[in-house]
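**Student:** Quick one: structure below, then a few questions.
We did not get these values from a lab; they are worked out from the coordinates using the rules stated. Small disclaimer: the values here were computed from a predicted structure and weren't measured. Cβ placement follows ideal geometry from the backbone for every residue including glycine, while neighbour counts extend to all protein chains displayed.
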Amino acid sequence: MKTLLKIQSSIFSDGGQSSQLADRFVAAWLESNPGGKVVTRDLAKEPVPHLDAARFAAFVSKPEDRTPAQQAIVNYSDALIDELKAANVVVLGLPLYNFGLPSTLKAYFDHVGRAGVTFRYTEKGPVGLLTGKKVYVFAARGGFYAGTPNESQTPYIHAFLSFVSMSDIEFVYAEGLAVSEASKQQGIARARAEVDRLAHAEREPEFAVA
Ligand SMILES: Cc1cc2nc3c(=O)[nH]c(=O)nc-3n(C[C@H](O)[C@H](O)[C@H](O)COP(=O)(O)O)c2cc1C
């Protein structure tokens, strides 16, 4: 049985455009994976705390030296990582806020990017430990950025996820959502078509076997 982890980071929770695109993909994925398990992590409903020096000290502490408070911090991060490790497919709803990713998503990344747990340093450089996952990113933006020098999210998301070995990533963009109603409708329609194309591509191998 495959497991899909949906991480949504819109401040509008299920109502966000990025969340709705993610949901559309998940619905199609469930059709082709009827026994599949979907786990949702809504970073608006349950924000991950911002990383601070105390939390980081807990992450790098030796297990035998940890205070109960530090152990609780590590347990929380470990649970997020276990959830991620258990997923075969990761779906990420990604709004653009003030030229960047939502701070809640950055806080989440700060809790799952842990040396010795999700990546390790070797003599040949860092090696990611979260292998074998497919990632789908559904990005929603008010303006137009994809393929321009002002595109800040795609390189960052790609760099971070690849660092932990989640480098098999598909990006879908819904853009121009704040430009005009027509532009919004066009942006959403294009993104939905892309979602459907990817969902169909996911299904193809099963049809080939049958
Ligand atoms: C606080 C805030 C900041 C935003 N900043 C930007 C921005 O810098 N550039 C942009 O193109 N759109 C910006 N937008 C528009 C959002 O990208 C757009 O509403 C998108 O649908 C957000 O995704 P969501 O609906 O999943 O939350 C912003 C929206 C909000 C609420």
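**Student:** Less than 12 Å Cβ to Cβ from Ile11, Lys/Arg counted +1 and Asp/Glu -1: what total charge do the surrounding residues give? Display every interim value, and only then the final one.
**Tutor:** Working: positive: Lys45; negative: Asp14, Asp42.
Its environment carries a net charge of -1.
**Student:** Can I ask one more? Where a Cα-Cα gap under 14 Å defines reach, which aspartates and glutamates qualify for Lys184, not counting those fewer than 8 residues away within the same chain?
**Tutor:** Partners within reach: Glu175.
**Student:** Further, regarding this structure: With the contact rule set at Cα under 8 Å and sequence spacing of 6 or more, what percent relative contact order holds for segment 1-160? Before the final figure, lay out the partial values.
**Tutor:** On the way: 216 pairs, mean separation 47.5, N = 160.
Across segment 1-160, relative contact order equals 30 percent.
**Student:** Going by average Cβ neighbours within 10 Å, how do the peptides 132-140, 43-51 rank, with the highest at the top? Working shown, then result.
**Tutor:** Numbers: 132-140: 21.7, 43-51: 14.7.
By packing density, highest mean first, the sequence is 132-140, 43-51.
**Student:** Please sort 85-91, 152-158 by packing, taking for each peptide the average over its residues of neighbouring beta carbons within 10 angstrom, highest first. The partial results should precede the final answer.
**Tutor:** Working: 85-91: 19.0, 152-158: 15.9.
Highest mean packing first, the order is 85-91, 152-158.
**Student:** Moving on. Let me check I've understood the local charge: for Gln185, count other residues with C-beta under 14 angstrom from its C-beta, Lys and Arg +1, Asp and Glu -1. What total comes out? If you can, show how the numbers build up before the last one.
**Tutor:** Working: positive: Lys184, Arg190, Arg192; negative: Glu175, Glu181.
Spelling it out: positives minus negatives among the neighbours equals +1.
**Student:** Measuring from a point 7 Å past the Cα of Leu129 along Cα-to-C-beta, which residues in segment 30-62 have an amide N at less than 13 Å?
**Tutor:** Label zone hits: 60.
**Student:** With θ taken as phi - 60° and the coefficients 6.51, -1.76 and 1.60, list the Karplus ³J(HN,Hα) couplings across segment 116-133 in order, rounded to whole Hz; mark glycine and proline as x.
**Tutor:** x, 10, 10, 8, 9, 8, 10, 4, 8, x, x, 10, x, 10, 9, 8, x, 10
**Student:** Output the direction-averaged projected area (hull surface divided by four) of the convex hull of the alpha-carbon atoms of the chain, in nm².
**Tutor:** Numbers: hull surface 55.6 nm².
So the mean shadow area of the Cα hull is 13.9 nm².
**Student:** Along the charge dipole of segment 149-202, which of Ala174, His200, Tyr156 sits closest to the positive end, that is, farthest toward it, with unit charges on the beta carbon of Lys, Arg, Asp and Glu (+1, +1, -1, -1)?
**Tutor:** Ala174
**Student:** Take the cross-link list Lys85/Lys106; Lys2/Lys62; Lys6/Lys134 and give me the ones stretching past 23 Å between alpha-carbons. Write down the numbers at each step before the final one.
**Tutor:** Working: Lys85/Lys106 18 Å; Lys2/Lys62 34 Å; Lys6/Lys134 12 Å.
The answer is Lys2/Lys62.
**Student:** Of the peptides 164-176, 105-117, 54-66, how do they stack up when ordered by the mean number of other Cβ atoms within 10 Å, highest first?
**Tutor:** 164-176, 105-117, 54-66
**Student:** If you don't mind, another one. Net charge within 14 Å of Gly128 by Cβ-Cβ distance, Lys/Arg positive one each and Asp/Glu negative one each, not counting Gly128 itself? Mind showing how you got there, number by number?
**Tutor:** Numbers: positive: Lys85, Arg114, Arg120, Lys124, Lys133; negative: Asp168.
Spelling it out: positives minus negatives among the neighbours equals +4.
**Student:** Charges only on Cβ, +1 for Lys and Arg, -1 for Asp and Glu: so what's the dipole of segment 53-153 about the Cα centre, in debye to the nearest 20? Before the final figure, lay out the partial values.
**Tutor:** Numbers: 11 positive and 8 negative charges, 31 e Å.
Dipole about the Cα centre, nearest 20: 160 debye.
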